1. Helix 29-42 versus the longest principal axis of the chain: what is the Cα-based angle in degrees, 0 to 90, to the nearest 10?
2. Any idea how far apart LEU21 and ARG96 come out in nm if each label point goes 7 Å out from Cα toward Cβ?
3. Which whole-number value in Å² is the accessible area per residue of the chain, probe 1.4 Å?
4. Nearest 10 degrees is fine. How inclined is helix 81-93 to the longest principal axis of the chain, computing both from alpha carbons?
5. With a 1.4 Å probe and every protein chain kept in, tell me what percent of the accessible surface of the chain is carbon plus sulfur.
6. If a paramagnetic tag sat 7 Å from the Cα of LEU62 along the Cα-Cβ line, which residues of the stretch 90-126 would have the backbone N under 17 Å from that point?
7. Give me the angle, in degrees from 0 to 90, between the Cα long axis of helix 47-59 and the longest principal axis of the Cα atoms of the chain, rounded to the nearest 10.
8. What does the helix-only formula give at 222 nm for the chain: each DSSP H stretch with n ≥ 4 adding -39500 (n - 2.57), the total divided by the residues, and the result rounded to the nearest 500 deg cm²/dmol?
Amino acid sequence: AGYAITQGGDRAVEVLHSRALILFSVGRTHDAIAAWQSALSVDPSHVEAQFGIGSALNDLGLYDEAINVLKRLASEAPWHFKAWNSLGYAYRHTGRLLEARDCYLRALECNPDSQVARDGLALLAGS
């Protein structure tokens with residue numbers, strides 16, 4: 001399914017991002033990734049589209065691919081605690097526990113109230 005929208009700037013990106021969120025929420029993960037990729041073709045710096053792709057790749061169990069996307073996002077948006085959480089999740093699932101720990105700690109630096117990061121650290125402690 002192609003979602004090419006080349007004009008309309010911010011509005012087009014937000015429509016594509018919203019479409020991707022809906023597709024992802026109903027389990028159409030591959031279609032969601034395609035919509036987020038289309039959003040990024042209009043605005044390559046759209047943080048939430050990048051995060052959506054990384055999350056979707058995690059959801060599909062494509063952890064190495066997710067790591068590539070989420071590492072890039074975390075370096076471009078170091079304040080994005082959800083990127084750090086998701087990167088920690090991907091590292092944990094690839095057995096890279098030290099990297100996972102570092103990511104969960106970075107998530108907590110960004111958002112000290114993040115229960116998801118605390119839960120991720122707790123899972124690591126039990127490994």
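The values are calculated or read from the model by the stated rules, or taken from the named source; none is laboratory data. All values derive from a computational prediction rather than experimental measurement. All Cβ positions, even for glycine, are placed from backbone atoms using ideal geometry, and neighbour counts span all protein chains on display. With ligands, DNA and RNA removed, areas are computed over all heavy atoms of the protein, side chains included. Shrake-Rupley method; radii C 1.70, N 1.55, O 1.52, S 1.80 Å.
1. In the chain, helix 29-42 runs at an angle near 70 degrees to the longest axis.
2. Distance between the two pseudo-spin positions: 2.9 nm.
3. Counting only protein heavy atoms, the per-residue value for the chain is 54 Å².
4. Taking Cα atoms only, the helix is inclined about 70 degrees.
5. Here carbon and sulfur together make up 54 percent of the probe-accessible area.
6. It comes to 90-91, 94, nothing else.
7. 60
8. -24500 deg cm²/dmol
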